[in-house]
Amino acid sequence: MKITKSSIEILVTGGSGFLGNAVVMALRAKHPDWKITVVDLKPPIKSGKRDGFIITDIRSAEDVDNIFDGYEPDAIIHTAGLVPDGQTRYSQSPKDRGRIFGTNCNGTSNILSAAKKAGVRALVYTSSCTVVTDDQNHDYPNMTEDIPTGSATLLYGQSKAHAERLVLAANDTTMKTCALRPSTIIGPGDVACVPTIHACIAKGETPYVVGTGDNLYDFVYVTNAADAHVLAVENLLSSHPTAAGEAFFISNQEPIYFRDFCLACWKEFGHVPKWQIRVPANLAWFAGWVAEWTTWCTGTEATLSRGSVEDAVGTRYASGQKARQFLGYVPKIGMAKAIKLSCKSYQDQLMQQFVPTRTATDSSSENKPSNL
């Protein structure tokens with residue numbers, strides 16, 4: 001597809017985060033002549049000579065409007081969002097709902113409004129597969145984009161579905177929009193998936209197989225997800241934006257049994273369970289209910305809950321055909337390599353915790369670049 005303008009300016013919201021940073025790196029690698037500006041609450045991990053940075057809280061409409069004071073980017077890649085972690089993922093409290101919807105919905109609405117006024121030509125929104133899969137009452141094998149959203153039972157999926165509807169409704173002749181729905185993202189910088197699975201080793205939980213163990217699940221390596229964002233913004237900026245007004249599931253297109261994924265991760269850390277025992281899903285669900293009540297009484301964080309059991313036994317994978325057809329998206333990093341790289345990165349992170357920190361008076365630290 002031919003992009004109709006040679007000098008392109010891209011604004012990446014959340015560009016200092018796990019996925020956002022990978023998107024910035026992918027843009028820089030494929031389009032070194034493009035100007036990239038990052039919007040986030042913290043500075044980017046790495047900065048290029050053509051990159052800018054603006055500190056902004058997207059929940060503030062005034063702050064978002066100020067971004068575009070004298071600045072008119074061609075396109076926005078909107079990755080900024082709040083992903084609830086731990087047991088907050090399964091919370092239904094008004095306080096958590098306010099936080100999650102405040103960033104994911106109100107923040108997205110602010111970005112859309114300001115983008116329209118600034119004459120932005122294209123906007124790619126990082127949605128989530130949870131717009132469908134956070135309906136924990138059903139399995140979703142081989143998902144396609146014609147499955148209706150709006151049935152999510154969890155706050156995160158609800159918020160992303162609402163924001164996605166806002167983005168797709170904003171698509172018109174002046175600003176083309178589309179939404180990408182990544183599956184669970186793994187890779188360097190992952191603070192949720194691989195670290196949680198690794199923690200099962202120390203807790204002695206690895207021998208227990210919840211449910212049948214034959215539920216297929218989707219993951220996506222972070223650079224593959226970033227590549228999909230680059231393809232999407234190229235499509236929307238082209239003379240024939242076929243992705244406009246569309247949503248796309250983005251995965252590694254290699255569904256894997258959830259249990260096998262865990263086993264593969266544990267093996268990378270040198271751990272193989274010596275025995276296995278199957279725990280029926282209904283029994284595990286009851287144990288999760290007991291754990292919730294116990295932790296509520298003690299005020300501690302639950303490691304097991306009804307929600308986590310439902311996540312562990314659910315079937316959640318997408319077709320991927322639409323992304324291949326419209327965007328030309330083909331994952332470059334396969335699942336086997338993705339697991340190895342993800343675990344190696346987390347292993348290195350754990351090792352760094354045991355490396356003594358040099359002081360300012362340590363002569364060996366002189367003339368070395370800062371990691372900040």
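Looking at the structure I just gave you, is VAL83 crowded, with 16+ Cβ neighbours inside 10 Å, in a loop (DSSP other than H, G, I, E, B) and β-branched (Val, Ile, Thr)? Judged against the criteria, VAL83 is a match.
Checked against the criterion of being under 16 Å from the mean Cα position of the chain (by Cα), part of a helix (DSSP H, G or I) and touching a residue at least 12 places away in the same chain (Cβ under 8 Å), the range 110-125 has no qualifying residue. Scanning the range 191-235 for residues that are at pLDDT 95 or above and part of a loop (DSSP other than H, G, I, E, B) yields a count of 1. Looking only at residues in the range 127-146 that are surrounded by 24 or more Cβ atoms within 10 Å (Cβ to Cβ) and of a type in the set (S, T, N, Q), the one that is farthest from ARG181 (Cα to Cα) is THR133.
Every test in (1) in contact with a Leu (Cβ under 9 Å, 6 or more places away or on another chain); (2) modelled with pLDDT of 95 or more; (3) surrounded by fewer than 23 Cβ atoms within 10 Å (Cβ to Cβ); (4) not basic (Lys, Arg) is passed by THR149 save one, and that test is (1).
Note on the range 36-54: residues that are modelled with pLDDT of 95 or more and charged (D, E, K, R) total 1. Does THR174 count as closer than 30 Å to GLY20 by Cβ and polar (S, T, N, Q)? For THR174, the condition - closer than 30 Å to GLY20 by Cβ and polar (S, T, N, Q) - is met.
Given the criterion modelled with pLDDT of 95 or more and touching a strand residue (DSSP E or B) at 6+ places or on another chain (Cβ under 7 Å), identify the matching residue among GLU164, GLU254. Sole residue among the options that is modelled with pLDDT of 95 or more and touching a strand residue (DSSP E or B) at 6+ places or on another chain (Cβ under 7 Å): GLU164.
Give the residue, chosen from ASP218, ASP227, that is farther than 23 Å from ASP311 by Cβ and either crowded, with 17+ Cβ neighbours inside 10 Å or among the small types (Gly, Ala, Ser) (or both). Don't jump to the end; show me each part of the working.
Values: ASP218 fails: farther than 23 Å from ASP311 by Cβ.
After applying the criteria, what remains is ASP227.
Of the residues making up the range 161-185, those that are among the charged types (D, E, K, R) and surrounded by fewer than 20 Cβ atoms within 10 Å (Cβ to Cβ) are ARG165, ASP172. The residue pairs whose first member lies in the range 165-188 and is touching a residue at least 60 places away in the same chain (Cβ under 8 Å) and closer than 14 Å to SER127 by Cβ, whose second member is among the basic types (Lys, Arg) and part of a strand (DSSP E or B), and whose beta carbons are closer than 9 Å, counting only pairs six or more residues apart or on different chains, are SER183/ARG316.
Wholly within the range 274-372, which helices (runs of 4 or more DSSP H) include no fewer than the required count, namely at least 1 residues that are modelled with pLDDT under 75 and buried (at least 17 other Cβ atoms within 10 Å of the Cβ)?
281-298, 306-313
Consider VAL124 carefully, then state whether it is crowded, with 23+ Cβ neighbours inside 10 Å, under 23 Å from LEU216 (Cα atoms) and β-branched (Val, Ile, Thr). No; evaluated as a whole, the condition is false for this residue. Of the set (1) buried (at least 18 other Cβ atoms within 10 Å of the Cβ); (2) part of a helix (DSSP H, G or I); (3) out of contact with any Lys or Arg (no Cβ under 6 Å at 6 or more places or on another chain), all apply to ILE58 but (2).
The test for being more than 26 Å from VAL220 (Cα to Cα), touching a helix residue (DSSP H, G or I) at 6+ places or on another chain (Cβ under 6 Å) and among the β-branched types (Val, Ile, Thr) holds for VAL64.
The values are calculated or read from the model by the stated rules, or taken from the named source; none is laboratory data. Everything quoted here is computed from the prediction, not taken from an experiment. Every residue, glycine as well, gets a Cβ built from its backbone with ideal geometry; the counts of neighbours run over all protein chains shown.
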